[in-house]
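Peer 1: First the structure, then my questions, so here it is.
The values are calculated or read from the model by the stated rules, or taken from the named source; none is laboratory data. If you're wondering where the values come from, they're calculated on a predicted model, not measured in any experiment. Note that each Cβ is placed from the backbone with ideal geometry, even for glycine, and that neighbours are counted across all protein chains shown. Each accessible area value is taken on the protein alone, full model and side chains, heavy atoms only, with ligands, DNA and RNA left out. Shrake-Rupley method; radii C 1.70, N 1.55, O 1.52, S 1.80 Å.
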Amino acid sequence: MEIRRATTVGELVAVQHLYDSPARPEWAERFLAAPGHLMLIAYAEGAPAGFVSGIEMLHPDKGVEMCLYELSVDEPYRRRGIGRALSEALAEIARERGCYDMWVGVDTDNEPALATYRAAGARDEGHFAMLTWEFPGS
């Protein structure tokens, strides 16, 4: 397995089978151009096997933290340590960039995700609620 940072729209589109919806090239381009946005792709047997995306978040009184935005591993490659390796790689980049921490929101019943993040060194901060504003037409 090899983990590489995505730097082209083509790389982001090539892993769209791992996204929730098809990629839009114009959004992929904006993602790559946005400071603090990054995606790491794991390749196994020459094919994209998984990805992790991260977004740096800055606040005046806290500094910079990394949000692990999304992690996905293709079904045939699960339970091989790819998710853990991607999480660890993102954490290393966060450290290199001077982030004071990295966090991820996880459904409390998503045992595979919880196990993956714990194996990569994350600790449980307890329960919280996530509230969402939806904007139709966006």
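Peer 1: Residues that are loosely packed, with under 15 Cβ neighbours inside 10 Å, at least 3 per element: which strands (runs of 3 or more DSSP E) completely within the range 36-80 meet that? It would help to see each step written out before you state the result.
Peer 2: On the way: elements: 37-44, 47-59, 63-73.
Ranges flagged: 47-59.
Peer 1: Then there's this: Hey, could you check the range 81-103 for residues that are among the basic types (Lys, Arg) and either touching a strand residue (DSSP E or B) at 6+ places or on another chain (Cβ under 6 Å) or part of a helix (DSSP H, G or I) (or both) and say which is surrounded by the most Cβ atoms within 10 Å (Cβ to Cβ)?
Peer 2: Arg84
Peer 1: While we're here: Anything in the range 114-138 that is closer than 25 Å to Lys62 by Cβ and either of a type outside the set (A, V, I, L, M, F, W, C) or touching a helix residue (DSSP H, G or I) at 6+ places or on another chain (Cβ under 8 Å) (or both)? List them, or say none.
Peer 2: Tyr117, Arg118, Ala120, Gly121, Ala122, Arg123, Asp124, Glu125, Gly126, His127, Thr132
Peer 1: Mind checking which residues of the range 1-35 are open to solvent by less than 10 Å² (accessible area, probe 1.4 Å) and in a loop (DSSP other than H, G, I, E, B)?
Peer 2: Correct list: Ala6, Val15.
Peer 1: Condition test on Val106, is it closer than 17 Å to Ile3 by Cβ and hydrophobic (A, V, I, L, M, F, W, C)?
Peer 2: no
Peer 1: Identify all residues within the range 80-114 that are under 25 Å from Gly126 (Cα atoms) and basic (Lys, Arg); write none if there are none.
Peer 2: Scanning the range 80-114 gives Arg84, Arg95.
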